[in-house]
1. Any idea what the dipole of the range 1-154 comes to, in debye rounded to 20, about its Cα centre with Lys/Arg Cβ at +1 and Asp/Glu Cβ at -1?
2. Taking +1 at the Cβ of each Lys and Arg and -1 at the Cβ of each Asp and Glu, which of Met193, Thr159, Gly169 sits farthest along the dipole of the chain towards its positive end, judged by Cα position relative to the Cα centre?
3. Against the 2.2 N^0.38 Å scaling, with N counting residues, where does the range 94-191 land? I'd like the Cα-based Rg ratio to two decimal places.
4. What number, rounded to the nearest 500 deg cm²/dmol, is the helix-based mean residue ellipticity at 222 nm of the chain, given -39500 (n - 2.57) per DSSP H run of at least four residues and division by all its residues?
5. Test of understanding: what is the full-extension gain from Thr18 to Lys100, defined as 0.36 nm times their sequence separation minus their Cα-Cα distance?
6. Within a Cβ distance under 14 Å of Glu84, other residues only, what is the Lys/Arg minus Asp/Glu net charge?
7. Per residue, what volume in Å³ does the convex hull of the Cα atoms of the chain enclose?
8. Neighbour counts of other C-beta atoms within 10 Å: give me Ile128, Ile188 arranged from fewest to most.
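No value in this document is a laboratory result; all are computed from the given coordinates. Note that the coordinates shown come from a computational prediction; the quantities given were computed from them, not determined experimentally. Please note: Cβ atoms are built from the backbone with ideal geometry, for glycine as well, and neighbour counts cover all protein chains shown.
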Amino acid sequence: MTDYRPDPALLAKAETLTEALPYLQRYAGSTFVVKYGGHAMGDPELARDFAEDVVLLKAVGINPVVVHGGGPQIGAMLKASGVESKFVDGLRVTDEATMKVAEMVLSGQINKEIVAWIARAGGRAVGISGKDGRLVTATKMKHPTHDLGLVGEIDHVDTTVLDTISRAGMIPVVAPIGIGKDGESYNINADTMAGFLAIATGAERLFLLTDVAGVLDKQKALLTDLTPSQINLLQTDGTISGGMIPKLQTCIDAVEGGVDAAVILDGRVPHAMLIEIFTKQGAGTLVRLG
Ligand SMILES: Nc1ncnc2c1ncn2[C@@H]1O[C@H](COP(=O)(O)OP(=O)(O)O)[C@@H](O)[C@H]1O
Ligand SMILES: CC(=O)N[C@@H](CCC(=O)OP(=O)(O)O)C(=O)O
């Protein structure tokens, strides 16, 4: 008999694969909503890795629903037309001209780029916005001090179009735009949109991919697990600020709305989603009811 000694690196890979088994069994048939942020999109290699992860989830029987952002790309297009972006509480003040540009960039450009990345990775994606199939109906958001123009507040989610696409073996990719009662477009923050879709689809997981390792404490150490009450304390003591506040509010709303867990993940780390889902170690910050 030959003395066969497998390469230890190969053995480690095989162990990782067997480690994934209980997670594969647990998650088959469930829905994962994945928000892919505008900041995470710049690098083609990361876009390819992201698309491969989504296609792998679909292949193992999970139903991924991708919601994408595109804030920086909308900002760049507006700037090229000589329009400065204005934000109130992290929301883009959206007049009619800005809405046209936002819809063109989100639905026309970014949505189709993601569809193409998924196609290259061997999957079949259908790119829509919240207007298609009246997925997301919205009204003008009322803000206590500012007129935000065509920023939308979500009234209702009808998941028929998502269910139809997923059941046909395809992956829905959703641009964060809602439809008003007269067919008008509303600009919706992509994190908020992803949270609503996660609740409405009864998702097991909501992933928010961003440009930090997760939620960091004051010493910049990663906080791996948080409950809604711990998040409230972090906000009170100033540990979290800026864009992280609405992001974590979306996580709280999602888990209080029935999503098992919401995870803030580093979109700059290759295959962060797979590490989080299929390894014991996980990645990012997981938010769950205490
Ligand atoms: N405690 C914290 N831990 C991590 N990030 C934080 C924290 N507090 C504030 N932030 C900021 O939140 C940002 C993520 O929110 P945002 O810029 O809105 O992300 P995205 O554009 O991906 O939606 C981080 O880049 C970071 O600057
Ligand atoms: C109302 C509002 O602010 N809408 C966002 C929609 C895109 C978005 O949320 O993109 P990111 O996730 O990449 O930031 C905007 O116009 O920028």
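1. The calculated dipole for the range 1-154 is roughly 460 debye.
2. Gly169
3. In units of the 2.2 N^0.38 Å rule of thumb, it is 1.13.
4. Rounded to the nearest 500, it is -11500 deg cm²/dmol.
5. Contour length minus the Cα-Cα distance gives 24.6 nm.
6. Once positives and negatives cancel, what remains is +2.
7. Convex hull volume per residue, Cα atoms: 153 Å³.
8. Ile128, Ile188
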